[in-house]
1. Is it the case, given these coordinates, that residue 217 is at pLDDT 95 or above, in contact with a strand residue (DSSP E or B) (Cβ under 8 Å, 6 or more places away or on another chain) and closer than 22 Å to residue 110 by Cα?
2. Can you tell me which of (1) in a loop (DSSP other than H, G, I, E, B); (2) more than 21 Å from residue 100 (Cβ to Cβ) is the one residue 236 doesn't meet?
3. Do we find a residue being at pLDDT below 60 and either more than 30 Å from residue 165 (Cα to Cα) or surrounded by fewer than 21 Cβ atoms within 10 Å (Cβ to Cβ) (or both) anywhere in region 49-65?
4. Name, by its number, the condition in (1) in a strand (DSSP E or B); (2) modelled with pLDDT of 95 or more; (3) in contact with a helix residue (DSSP H, G or I) (Cβ under 6 Å, 6 or more places away or on another chain) that does not hold for residue 208.
5. With the requirement that a residue be part of a helix (DSSP H, G or I) and closer than 14 Å to residue 66 by Cβ, what does region 218-233 give you?
6. Would you pick out the residues in region 190-203 that are at pLDDT below 90 and assigned to a strand (DSSP E or B)?
7. Yes or no: residue 68 at pLDDT 65 or above and assigned to a helix (DSSP H, G or I)?
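The values are calculated or read from the model by the stated rules, or taken from the named source; none is laboratory data. Keep in mind it's a predicted model, so treat the numbers as computed, not measured. When we count neighbours, we look across all protein chains shown, and the Cβ atoms used for this are built from the backbone with ideal geometry, even at glycine.
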């Protein structure tokens, strides 16, 4: 059986970039700020976009007590087929390539049977208009429907010893993100039935668009959701860093 927070595999494919093949390797941070008075007026290059994305992402210092690991999930042929179907469902507006993209490490905490996870991702488009169009697409019922079907098919394709995945639900909202183009929030909930014992899994996807960047926080919980106060703190960190490092 795979480790409990199975929903973390969804974060590893560049979710809000729609599993774009233009993604860059994960980076734990430490890049210098890219927004200087001179740089702000210069054309946005791939190098500047990538440096800014790396500077925004979560680091180990942001999650004391958590263990960081690089994402090494390898998709099966079936899972890759689901991804291709997802891209077709999303259409070009929601699944276009990014100028640059960077992800944090995957941070995990186990306390008995309670398991929590968190990670972040920053994708930078060629212009704010492209990022705004993606935000509009992410908020649309059609795109939510595409992802809901993808989540359910992906989870039900997993193999569990003596267990079965129940219905998968997706709820959406709009978190406050002052000073940005706007935010988005999804909660995916799935139930694992292990010989009559039901265990719930939660994946929260919160994000916002700032200029050309889409910044996403992924948090997971087995048995119960990721703590709301900690989630709000991490979201605030990403928001303040985006304002400081994305020009």
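1. yes
2. Tallying (1) in a loop (DSSP other than H, G, I, E, B); (2) more than 21 Å from residue 100 (Cβ to Cβ), residue 236 fails exactly one: (1).
3. No; the residues of region 49-65 include none that is at pLDDT below 60 and either more than 30 Å from residue 165 (Cα to Cα) or surrounded by fewer than 21 Cβ atoms within 10 Å (Cβ to Cβ) (or both).
4. For residue 208, the failing item is (3).
5. Matches in region 218-233: 230, 231, 233.
6. 190, 191, 192, 193, 194, 197, 198, 199, 200, 201
7. No: the conditions fail for residue 68.
Every residue, every condition in (1) surrounded by 15 or more Cβ atoms within 10 Å (Cβ to Cβ); (2) modelled with pLDDT of 85 or more, yes or no:
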| site | (1), (2) |
| --- | --- |
| 132 | yes, yes |
| 151 | yes, no |
| 160 | no, no |
| 178 | no, yes |
| 181 | yes, yes |
